[in-house]
Amino acid sequence: MGWKCFAVFATDVPAYFSSLPPHDPEAADRLREKLGLSDHERVGRSIFDEAMYPDSGTLFLGAYPHGAILCDVDRSADFFDDVSYRIIGKSAGRVAGTDFRSRFLQIYPNGEVLAVVLSSVVNLWGYAVYSRGKLIRVAAGTADDPLFANEGEPLPEEAGVLRECPMAQVDRECRGEDLVFDVMAGRMLGRRVDDPDYDEIMLELSEYRKRDGGVLSRIKSWWDAASGGP
């Protein structure tokens, strides 16, 4: 199947999410506010396997005793800095993107943050790893733009693929997906999400939808469009 995953993990415990820690919806609400996402309201719950590729306008937040997970297409790309436009068609260098990234990196300032992007249908793949708030490794590519990011020392989790396929040939051999799954497994989940010997990853997250701004908001949007504003 064609896998898709746009997620950001934060924790100060290696492979923390392999323990399937309990999710706290109220803590997720507080995290939403801290991240500047108050325009989203909680509408339900999900598990990681279902949440890792959210629809537009939907995001998922998991809040755990020693970690957090966010699933959102645009915000995952924010962690790839000035190459994010190659992922989603717009630059994360915008103020909103860099502000969001800074807020997220402060959740566990002495821990690690891993952002991953994956859409196997178009051979898009990538991961960005931050330790103590500093970017230590980023790699990403697509079928149309092979290896557009490759900075920092390769991670131990990359070794299995890179022994068989040099990084410069990863796109040609379609091994980017394997790299993403290996990095996620080794540093955060404890297992690959495509492992046929395991059931779904039963990590619970809260689902949020972007709020309808109401009548006044719709009138303002209509007025701005009609007048060429704001």
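The values are calculated or read from the model by the stated rules, or taken from the named source; none is laboratory data. This one's a predicted model, so the numbers in the text were calculated from it and none came from an experiment. Heads up, the Cβs are rebuilt from the backbone with ideal geometry, glycines too, and the neighbour counts pull from every protein chain shown.
Being of a type in the set (Val, Ile, Thr) and in a loop (DSSP other than H, G, I, E, B) is the filter; apply it to region 170-215 and report the residue that is farthest from residue 118 (Cα to Cα). Steps first, answer last, please.
Within region 170-215, the subset of a type in the set (Val, Ile, Thr) is 170, 180, 183, 193, 201, 215.
Still in the list and also in a loop (DSSP other than H, G, I, E, B): 170, 193, 201.
Details: 170: 14, 193: 12, 201: 17 Å.
Looking at residues that are of a type in the set (Val, Ile, Thr) and in a loop (DSSP other than H, G, I, E, B), I get 201.
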* Report yes if residue 129 is farther than 12 Å from residue 80 by Cα, of a type in the set (Val, Ile, Thr) and not in a loop (DSSP other than H, G, I, E, B), otherwise no. => no
* To do: Those residues that are surrounded by fewer than 19 Cβ atoms within 10 Å (Cβ to Cβ) and modelled with pLDDT under 90, I need them from region 91-119; list them, please.
  => 91, 93, 94, 95, 96, 98, 99
* Selection from region 105-123 of residues that are in a helix (DSSP H, G or I) and under 17 Å from residue 138 (Cα atoms) -> 105
* Restricting attention to region 20-38, which residues are assigned to a helix (DSSP H, G or I) and either in contact with a helix residue (DSSP H, G or I) (Cβ under 8 Å, 6 or more places away or on another chain) or surrounded by 14 or more Cβ atoms within 10 Å (Cβ to Cβ) (or both)? -> 25, 27, 28, 29, 31, 32, 34
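In this structure, does residue 138 turn out to be in contact with a helix residue (DSSP H, G or I) (Cβ under 7 Å, 6 or more places away or on another chain), surrounded by 21 or more Cβ atoms within 10 Å (Cβ to Cβ) and not in a loop (DSSP other than H, G, I, E, B)?
Working: in contact with a helix residue (DSSP H, G or I) (Cβ under 7 Å, 6 or more places away or on another chain): yes; surrounded by 21 or more Cβ atoms within 10 Å (Cβ to Cβ): no; not in a loop (DSSP other than H, G, I, E, B): yes.
In short, no.
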* Could you give every pair whose Cβ atoms fall below 7 Å, whose first residue belongs to region 153-169 and is over 19 Å from residue 185 (Cα atoms) and in a helix (DSSP H, G or I), and whose second residue is modelled with pLDDT under 95 and among the charged types (D, E, K, R), counting only separations of at least 6 or pairs across chains? -> none
